[in-house]
Amino acid sequence: MAKQLRIALAGNANVGKSAIFNQLTGLNQIIGNWPGKTVERAEGTLHFKGYTIRVIDLPGIYSLSTFSMEEIVSRDYIAVERPDIIINVIDSSALERNLYFTLQLLELDAPMIIALNQVDFAAKKGMRIDVEKLSEALGVPVVPTVAISGMGISELLAKAIEVAEAKLSAKPLKVQYGSEIEKRIHVLEEIVKAKLAQFCMLYPARWIAIKLLERDVDVAGRLKNYESGKEVLDYAEKSASELESIHGETSPVIIASERYGLASKIAKAVTTIEVPPKISLEQKLDTLTTHKVFGYPILAIVLASMFALIFSGGGFISSSLEYSFGILKGYIESSLSLFLPQYAVDIIDNGLLSGIVAGITIALPYIVPFYILLALLEDSGYLPRAAFLMDSLMHKIGLHGKAFIPLVLGYGCNVPACIGCRIMETERERFLAAFAVVLIPCAARTVVILGLVGRFIGFHVALALYIFDLIFVFVLGRVAFKVLPGEPVGLIMEMPPYKRPVVKNVLVKTWSRTKDFIYIAFPIIIAGSIILEALRLSGFTNYIISAANPLMSGWLGLPAVTSVPLIFGILRKELTLILLSELIPLESLTAVQMIVFSLVIMLYVPCIATIAACKREFGWKKALTITFIDVALALLIGGIAYRLLSLTMQ
Amino acid sequence: MRFRNRQNFTNRKELLNEEVAPLTNLCEGQKGIVIKALGGFGLVRRLAEMGLTPGVEVKLLRRCPFRGPLEVEVRGVALALGYGVASKVFVKPLRTESDG
């Protein structure tokens, strides 16, 4: 049997950690969630030198405190699950900041090696890093790598195995603080050892002592489970206060400063600036795209051309797909009807098969290309710059620039966009962002809007609907921000330098987003399709039509039959147009009716799949709140629009 | 230097007397030394973790108009900070000089 080994990849965001992960595991990845957490967990396996190696890609973080769920997940995995070895991926062009994290990993006493990544990029910036010296300073092996080209990857693995087998005796650096801090750590460490023997089985005693001094909420909370926890906590509290009165800063800042001091010292000692960096093309691009005046039109052009490309190209692919599937469906239908009763054929044909076709004709032509382009923008470094530019606007709705990213994701499919709201820091921010995201017309809704309003009235009206939607999102977001209790969080975001995106990473990213559509939305689309067909066959839809009539014709001014596509649109949004055209000829609708219909489709809750995604992220209560608010608002706006438009357009 | 004494500055007023200014007052390209960040426990800690600790040199790279975000360089990394966040970071501005 092959020997087993577990490797964890840890490091800052934007250091090429995922690129190393992709190099190591190829497409052998399982991407899921950490148990009970809305934090993505990526795991893969590989075989090397007779070992079966499981690789866990820990979230990209800057610290091992308890600022975010990602940080807690990471440190618990390292301390409690104890991987055989940790590969700390660091960006050589930003050594100081990366070493800050490395020092914290060293404090956890875990066996580790360092992948000194992007050495090519550092060289381009005129920096050369002495690998030997760095390895000596940190007391752990260091392997220079260029993840995107695969350079150094097999050396990295070989080294990881050597350390795991303990063939390499590493003497990791012991992080030392100033004497006044060190004294307190030492006393606290002894107390922890004596009083919390059990807790010390999980984490190193010195680490616990440091965390207590740093007033770490998570560690402090766990002490409550121990008999003498309170006593230790009180002592830690006293020590921390003493430190704070010496330095005039809070204790986490004091300790962070000390760590950064050490990181800076090491970084300076191992780095030589060979040539003074000259202004590169990337820097010029950076200056232009974040320019206070030109940045905005550039952003508008980038987004507009992306949409134009997707929806004009997508329309073509979509219709040719539909055509070929139509022929295929015809064959299946005629062969099935030979031995199955008509209603069963209808269920399979109009329900199951139509559902599959609908899913594919949305995913392949629209969602996949959209996410490929978006991943390109993201990996090149443009998306963080767009987030930077949008920060002021996002603040108006109680969010910050980063929320721009899930909002744009929403134009593809709301399901991955809801999950994408995880990049926001607090629960409140995530919820606010999701609230705005579900109002963004996804590809399916765009198909309806373009196919109805765009086709029969004109593209400019469709565009007007989109602009109206943006204003609506803005106003509603602002209301939600005012209503929801809590303080808004400001933007603190790293701006990674511009880089050439790597095909493999772009594809992996696209897949991880598309899979949200495939795993969550796709089954629901198919099930919804089958239910719909069954209801149609049973004649149940007629009841719905008459029951919803007052609302439909009375309030919204739409033909009574439109209640069917509107209600069942919740199962499959893109289906609404097809359903509508089956019930009445689309040409028979007036322009006002088309606009009202599209408006309601655009605003009311996207689909069951999105509700499911919201439930996964925020729980039932919030998911249903979003649903209810959106439906009510869609009907309200629809009715108002009907009245206003009737006045002006007749 | 006076700011090295790390006195207990607790509010904006005291800080402003000490020849220091919020980060938002720097000009594009100007450098400053971080004296202190004021704000909630969590925010100050997070800023420290991202490298904005007392004593570190920052350079304002660019700013957006209308109280928009700022981009600064600290410890060799570019960071985007919202206006509100940046206005809580107090620096001692350095004279503008040719890269030194």
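Points worth noting:
- Residue list for the stretch A:117-138, filter: outside any helix (DSSP H, G or I) and either of a type in the set (Ser, Thr, Tyr) or touching a helix residue (DSSP H, G or I) at 6+ places or on another chain (Cβ under 8 Å) (or both): A:Asn117, A:Gln118, A:Lys125, A:Met127, A:Arg128, A:Ile129, A:Asp130
- Any hit, the stretch B:14-27, residues being within 11 Å of chain A (Cβ to nearest Cβ), assigned to a helix (DSSP H, G or I), modelled with pLDDT of 90 or more and open to solvent by less than 30 Å² (accessible area, probe 1.4 Å): no
- Condition check for A:Lys509: surrounded by fewer than 20 Cβ atoms within 10 Å (Cβ to Cβ) and within 22 Å of the chain's Cα centre (by Cα): no
- Condition check for A:Met112: modelled with pLDDT under 90, closer than 19 Å to A:Pro83 by Cβ and not charged (D, E, K, R): no
- Of all residues in the stretch A:576-594, one or more are in a helix (DSSP H, G or I) and under 30 Å from the mean Cα position of the chain (by Cα).
- For the stretch A:17-35, the count of residues that are under 27 Å from B:Glu49 (Cβ atoms) and free of Cβ contacts under 8 Å to residues at least 24 places away in the same chain is at least one.
- Qualifying positions in the stretch A:252-293 - within 33 Å of the chain's Cα centre (by Cα) and charged (D, E, K, R): A:Glu258, A:Arg259, A:Glu282, A:Lys284, A:Asp286, A:Lys292
- Identity of the residue in the stretch B:58-75, within 9 Å of chain A (Cβ to nearest Cβ), in a strand (DSSP E or B) and in contact (Cβ under 8 Å) with a residue 12 or more places away in the chain, that ends up surrounded by the fewest Cβ atoms within 10 Å (Cβ to Cβ): B:Leu61
- Criterion (polar (S, T, N, Q), open to solvent by 20 Å² or more (accessible area, probe 1.4 Å) and in contact with a helix residue (DSSP H, G or I) (Cβ under 7 Å, 6 or more places away or on another chain)) met by exactly one of A:Ser598, A:Ser553: A:Ser553
- Flag: A:Tyr382 does not match the condition of being touching a Gly at 6+ places or on another chain (Cβ under 8 Å) and hydroxyl-bearing (Ser, Thr, Tyr).
- Unique match (being open to solvent by 30 Å² or more (accessible area, probe 1.4 Å) and either within 14 Å of chain B (Cβ to nearest Cβ) or modelled with pLDDT under 90 (or both)) among A:Phe101, A:Phe121: A:Phe121
- The set of residues from the stretch A:24-45 being at negative phi and open to solvent by 60 Å² or more (accessible area, probe 1.4 Å) comprises A:Leu27, A:Asn28, A:Ile30, A:Asn33, A:Pro35, A:Lys37, A:Glu40.
- Residues that are of a type in the set (D, E, K, R) and without any contact (Cβ under 8 Å) to a residue 60 or more places away in the chain were ranked within the stretch A:243-267; the one that is surrounded by the fewest Cβ atoms within 10 Å (Cβ to Cβ) is A:Lys265.
- Taken together, A:Pro488, A:Pro496 contain a single residue that is open to solvent by less than 20 Å² (accessible area, probe 1.4 Å), assigned to a loop (DSSP other than H, G, I, E, B) and on the phi < 0 side of the Ramachandran plot, which is A:Pro496.
- Checked against the criterion of being modelled with pLDDT under 90 and in a strand (DSSP E or B), the candidates A:Arg75, A:Arg41 yield just one match: A:Arg41.
- Subset of the stretch B:76-90 that is part of a loop (DSSP other than H, G, I, E, B) and over 15 Å from B:Ile35 (Cβ atoms) - its residue that is most open to solvent (accessible area, probe 1.4 Å): B:Gly76
- Selection count where residues are touching a Lys or Arg at 6+ places or on another chain (Cβ under 6 Å) and more than 9 Å from chain B (Cβ to nearest Cβ), scope the stretch A:252-281: 4
- Number of the condition not met by A:Glu155 [criteria: (1) free of Cβ contacts under 8 Å to residues at least 24 places away in the same chain; (2) surrounded by fewer than 13 Cβ atoms within 10 Å (Cβ to Cβ); (3) not small (Gly, Ala, Ser)]: (2)
Conditions (1) modelled with pLDDT under 85; (2) surrounded by fewer than 23 Cβ atoms within 10 Å (Cβ to Cβ); (3) touching a Ser or Thr at 6+ places or on another chain (Cβ under 6 Å), marked per residue:
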| site | (1), (2), (3) |
| --- | --- |
| A:Lys515 | yes, yes, no |
| A:Leu571 | yes, yes, no |
| A:Leu577 | yes, no, no |
| A:Glu617 | no, yes, yes |
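- Of the residues making up the stretch A:500-512, none is more than 29 Å from A:Leu407 (Cα to Cα) and either part of a helix (DSSP H, G or I) or at pLDDT 80 or above (or both).
- Evaluation of A:Lys402 against (1) open to solvent by 10 Å² or more (accessible area, probe 1.4 Å); (2) more than 18 Å from the chain's Cα centre (by Cα); (3) within 14 Å of chain B (Cβ to nearest Cβ) (one fails), failing number: (2)
- Among (1) closer than 30 Å to A:Ile640 by Cβ; (2) open to solvent by less than 10 Å² (accessible area, probe 1.4 Å) - the single one A:Gly451 does not satisfy: (2)
- Which numbered condition B:Leu52 fails, given (1) more than 7 Å from chain A (Cβ to nearest Cβ); (2) outside any strand (DSSP E or B); (3) surrounded by fewer than 20 Cβ atoms within 10 Å (Cβ to Cβ); (4) touching a residue at least 12 places away in the same chain (Cβ under 8 Å): (3)
- Taken together, the residues in the stretch B:31-43 that are touching a residue at least 12 places away in the same chain (Cβ under 8 Å) and open to solvent by 10 Å² or more (accessible area, probe 1.4 Å) amount to 8.
Rundown of residues vs (1) closer than 24 Å to B:Gly42 by Cβ; (2) open to solvent by 10 Å² or more (accessible area, probe 1.4 Å), yes/no style:
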residue	(1), (2)
A:Ala160	no, no
A:Ala166	no, yes
A:Gln176	no, yes
A:Pro204	no, yes
A:Leu213	yes, no
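- Residues being within 12 Å of another protein chain (Cβ to nearest Cβ) and either among the β-branched types (Val, Ile, Thr) or within 30 Å of A:Gly139 (Cβ to Cβ) (or both) - total across the stretch A:282-313: 4
The values are calculated or read from the model by the stated rules, or taken from the named source; none is laboratory data. Because the structure is predicted, anything quoted here is derived from the model rather than measured. Here Cβ is always computed from backbone atoms with ideal geometry, including for glycine, and neighbour counts include all displayed protein chains. Heads up: the accessible areas ignore ligands, DNA and RNA and are worked out on the full protein's heavy atoms, side chains in. Shrake-Rupley method; radii C 1.70, N 1.55, O 1.52, S 1.80 Å.
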